[in-house]
1. Among (1) more than 17 Å from ALA156 (Cβ to Cβ); (2) not in a helix (DSSP H, G or I), where does GLU40 come up short?
2. So, LEU77, is that one closer than 19 Å to ALA243 by Cα and assigned to a helix (DSSP H, G or I) or not?
3. Of the numbered conditions (1) out of contact with any helix residue (DSSP H, G or I) (no Cβ under 7 Å at 6 or more places or on another chain); (2) surrounded by fewer than 14 Cβ atoms within 10 Å (Cβ to Cβ), GLU205 satisfies every one except a single condition; which is it?
4. Evaluate segment 210-220: report whether one residue or more is of a type in the set (Val, Ile, Thr) and surrounded by 13 or more Cβ atoms within 10 Å (Cβ to Cβ).
5. Inside segment 21-37, can you point out the residues that are part of a helix (DSSP H, G or I) and either modelled with pLDDT under 90 or among the charged types (D, E, K, R) (or both)?
Amino acid sequence: MKPTRPALSPGLSFMVAAAFFFSLMSLFVKLAGRGLPAAELVFARSAFSLVTTWILLRRAGVRAWGRRKPLLVLRGLAGFAGLLCFFYAITRIPLADVTVIHYTNPVLTAVFAAAVLGERIGRRELGGLALSLAGVLLVAQPSFLFGGANRLDLVAVGVALAGACFAAIAYTTVRKLGETEHHLTVVFYFPLVATPASVPLLLREARWPTAGQWLLILGVGIAAQVAQICLTKGLHAERTGRAMSMSYIQVLFAAVWGLAFFGEVPNLAAAAGAILVILGTTAVAAPRTRAVGDSEAPRPPGAD
């Protein structure tokens, strides 16, 4: 009797877990952002990750500083910029909407990976990009296309889109670093860069959290740390575009949290936009018929 194959590969399973924990992080940020600035939440999330990842590195006996320092720093900078944009947008537009906009990054990642890493991209990936961007327009519903008032704050929408681009740069860099670096080293460089980078912004508008906000901040840190490790392990084990396309599941998680905690119900056009984004990302996820020499990404050293 042949053993049954798992529904998802280990790499894709890690990506689903990452999507769930990132959705929890977003929920905690939305709740804490009612009284705390985004920069303070970025600092707290990064500082928590810096300490916990350092402990994990020491226990694993892994080199903290890595081999390709410029690329690791670039990963940290792109991740910091993407996180700051995402947290800012979460505090200003509905949770499901900002998640839909931000999670155009799987398709953007596939495009960037094709340009930088030489991974294959064709009409399906380009079609996925077009569907995703059309979905964003339906979610945002700008007045110059739909008439009347803007459904969402267009500045926040633009910031969310910028965050998606920064995230795609970070994820493409993670994929490249998977060739030489342990996944904990890659995770470590994100808070190593983001923690000091957020200090100047923090000093301008910091507020002392209440007891409840401290608990939310702790939740942000724990959920983000688990999600980041799952994400990095998933990207090390799976081809970039296929792996990142699984993160669209976070849109569904965010819709549930938004409805349950904030009473956020998208209109029909916004729901249609979310479906277009999901179709765009699943177009990238669908497996291709392999040609000679076209294999899945090899398992890099340290991607255990």
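The values are calculated or read from the model by the stated rules, or taken from the named source; none is laboratory data. Everything quoted here is computed from the prediction, not taken from an experiment. Methodologically, a virtual Cβ is constructed for each residue, glycine included, from the backbone with ideal geometry; neighbour enumeration extends over all protein chains shown.
1. (2)
2. no
3. Of (1) out of contact with any helix residue (DSSP H, G or I) (no Cβ under 7 Å at 6 or more places or on another chain); (2) surrounded by fewer than 14 Cβ atoms within 10 Å (Cβ to Cβ), only one is false for GLU205: (1).
4. yes
5. PHE22, LYS30, listed by residue number.
So that you can scan it fast, the table gives a plain yes or no per residue for (1) more than 21 Å from ARG175 (Cβ to Cβ); (2) touching a strand residue (DSSP E or B) at 6+ places or on another chain (Cβ under 6 Å); (3) of a type in the set (Gly, Ala, Ser); (4) surrounded by fewer than 22 Cβ atoms within 10 Å (Cβ to Cβ):
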residue: ARG75; (1), (2), (3), (4): no, no, no, no
residue: ASN105; (1), (2), (3), (4): no, no, no, no
residue: ALA110; (1), (2), (3), (4): no, no, yes, no
residue: LEU117; (1), (2), (3), (4): no, no, no, yes
residue: LEU129; (1), (2), (3), (4): no, no, no, yes
residue: ALA134; (1), (2), (3), (4): yes, no, yes, yes
residue: LEU138; (1), (2), (3), (4): yes, no, no, no
residue: PRO142; (1), (2), (3), (4): yes, no, no, yes
residue: GLY163; (1), (2), (3), (4): no, no, yes, no
